[in-house]
Every structure is written in C-alpha cells, then in structure tokens.
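Okay, so here's the structure we're looking at.
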Amino acid sequence: MTQPPPGYGHPQPPPPPHPYFLRPARRWWQHPALVIAALTVLPPGGIALAWLSHWSRTKKITTTILAALWFVTPFLGDPPKDPKSDAKPKAVAAAPSASPTPRRPPSFVGQNLRAAKTAAHSAGYGAISHDASENDAGQWDDDNWKVCFQTVAAKKAGTMPTLDFGVVRKEWPCPAKDDEPIPYPKMPKVVGQTFAKASTTLKPFAFKAIKAESAYTDITLPATVNDWTVCFQKPEAGKEIEYPKRTTAHLKLTAPGTACPKTESTKLHPDPDPLPVPPPSTGDAHSGDSGDSDDSGATSSGAPSSSTSSGGSASSSSSGGSSGSGGGGSAGTVTPGAYCSSPGSTGVSKKGVVYTCKGPGQDRWRR
C-alpha cells in the first residue's frame, strides 16, 4: 500500500513573504522636509502637501489640525497696541444734544389739500392752509384746492409740529411766489382755424364744452363740422380764463369755401327789399272833387259822388281778382301764415316784410 505524502491531511503553511517590499516612487513635493516647511510658513499649502504625501492617515489628520491652529491663532488675539496712541490725550465724548435737530418733513406740493393733510398727519405733522394768491379766500372744501407752497408754521397746532400749506383752486396755476397774483391762462386765437384744429388747441383748457354754431343765422350746421372754419369766438382771444370748468367756448363756423360774415347775426341769403306800398285811396277825396265840379245842387253833387264810390269799389274788386287769377303780382297788405289762392303772388305785412303765396302743402303767405 502506498504511503501518503508527508503532511497529507494538514493545512499548508502560507508562502514565505517577498524578500523586499515595493513602495511607490516619491515625488519632490512629497519630501517630508518640504511638507514640514510649508506647514510652518504657509499652513494652508502645507496641509495640501501633507495629504499628497505618503504619510499615514492618522499623521495627516494630526498635521492638519495642528497647522490649522497655528494659522488661526494670530487672528484670535487683540492687535498690538501702538505705543504712540497711549501718549495721545483721549477726546472727551461729546454730550448729547438737549434738542436734536428735527428731520425735514416730506414735501406735499402738488397734492390735493385733503390728501396732503391726511399724509402730513400720518407723518407726525399737523396742517393748516391759506390762500396762496392775493385773494385771501377761505378753503371750505379741501378737495377743490391744491398745494403750491409748504412751510413749517411758527406756531404749533397742539403738540405736533405744524405745516402751513399755500393753496390755490385745483383748476388754477400756482403763482410764482406765495401771496402773488395767479397767472390765469389766456384764451388763444382760433379764428381762421378749422373746428377740428381749434378743438385740439382748446383741449388743454378743459372747458365745460366747446360748442359749434353757425356764423350765418339762416344756415343749419351738419352733423360733422370738422372742416368748417371758425369766424367768431367767445371768449375772445387774450381773455383770462378763471373758471374753465364752468366756461363754454362758443365757435361760430362757416362752410368750406364760404366767406365769413363781417358781423355776427348775419344771413347768408338776406330777404329781398320790401315792395313800396301805394298810399290807400279815400272816398272822401273823390266826393269832394265831385262836389266842387258840380255846384248846381245837392242832387247833382250826390249822383257823381255815388258813382265814384261805386266805381272805386268795382275797380278794387277787379284788381284783386286779376291778381288772384293771374298767379302773380302784388296783393298789397297780407297776414303772414294766412291761406292764399294766388300762388307766386307777393304781399307786404304791416311790418314791411315781403311774403309770397307758396307751399309746401296748402298755399299760405310765407317768407
């Protein structure tokens, strides 16, 4: 029977160690002398080189802590005293002022008076107001006034410092200085401009209304008059406008290509001159003439007188009929608006105005 080899059944011992240990090559920045010098002179750089070296982990941690303490310690102590500073006499601390200078109040110029008073009170100030113009008017409604000037009042309103507001009505410009005249805006000249351009010129005044009217009394304006020309204006150019929101600008216009009238309240197509009215004939005159021509007696004088009167009546009736049937001529004195039966004929009213018998509709005496 074959014998087992020696050591059969027993664990084999580990192989003998390598005769020499291979360590990685060391770089020049990993030299211990260089790392220690860097830790002393420049600790942050030395810490970085220490962690790049072949030192053990424990040594690296210890080195890092010591180098950090070395680097931070100079900053934790008090700075060295300058010996010269001890020789200088110490300045005595200034005593606090008994009455500190008050801060400058905010400006409320340009604001509505009511809003300015509310804001001033919120900022710790009382408020009073006065008319900034020469009128010395009272401010009954703060909403109708605006602040132009602001000063600190000499006298306090209660315990709070007080602001004195110089104000004017909100539609007025501020004067140059407090208690000076108000430079009211003046009405510009818009005569000769179109209605559209004149409206643009007057828009900054904020008038109550800009009203277009006809320069001729017998012309009716159309719905759109932007290209019509301004002939007359009210208020007149150069007039001061004190209350624009209560003022209406009246512009009297004429159509394009139509000349302006020389004066206002003029017709473009005036009425024709009235026809001369013949003096009415009287029966007494004819009676007198007949009486003079016949002196023989009452019977003789009476007959001609009656004949003349009858003849005159017939003549008048014949004239009226001729006028009515002919469709023209003069009808004498007429009543305006009354019905007539002779279209085209003319007549004169008691005031001397000429009327014509015409329509529309049933014929009447019309202008």
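Here is how the numbers come out for the structure above:
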{"read-out": "Estimated FRET transfer efficiency (Lys350, Lys267; beta-carbon r; R0 22 Å; 0.05)", "value": "0.50"}
{"read-out": "Separation of the Lys156 and Ala223 label points, Cα + 7 Å toward Cβ, nm", "value": "6.9 nm"}
{"read-out": "Length added when fully stretched, Ala137-Ile65, from 0.36 nm per residue minus Cα-Cα", "value": "17.5 nm"}
{"read-out": "Inter-site label distance for Lys189 and Ala237 at 7 Å from Cα along Cβ, in nm", "value": "0.3 nm"}
{"read-out": "Lys234 accessible area, assembled protein chains, probe 1.4 Å, Å²", "value": "100 Å²"}
{"read-out": "Segment Asp178-Trp51, length gained on full extension (0.36 nm per residue, minus Cα span)", "value": "37.6 nm"}
{"read-out": "Over 25 Å between alpha carbons, listed pairs Lys189/Lys252; Lys186/Lys252; Lys170/Lys203; Lys211/Lys267", "value": "none"}
{"read-out": "Candidate residues Tyr355, Tyr243: accessible-area rank, largest first, probe 1.4 Å", "value": "Tyr243, Tyr355"}
{"read-out": "Accessible surface of Asp131 - all protein chains present, 1.4 Å probe, nearest 10 Å²", "value": "10 Å²"}
{"read-out": "Lys358/Ala259 FRET efficiency (R0 22 Å; Cβ-Cβ; nearest 0.05)", "value": "0.15"}
{"read-out": "For Thr229, solvent-accessible area (1.4 Å; no DNA, RNA or ligand), Å²", "value": "40 Å²"}
{"read-out": "Heavy-atom SASA rank of Met160, Met187 (probe 1.4 Å, accessible area, largest first)", "value": "Met160, Met187"}
{"read-out": "Net lengthening on full extension, His250/Leu34 (0.36 nm per residue, minus Cα-Cα)", "value": "67.5 nm"}
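The values are calculated or read from the model by the stated rules, or taken from the named source; none is laboratory data. It should be emphasised that the depicted structure is a prediction, and the values quoted were computed from it without experimental measurement. Note that each Cβ is placed from the backbone with ideal geometry, even for glycine, and that neighbours are counted across all protein chains shown. All accessible areas refer to the heavy atoms of the entire protein, side chains included, with ligands and DNA or RNA removed. Shrake-Rupley method; radii C 1.70, N 1.55, O 1.52, S 1.80 Å.
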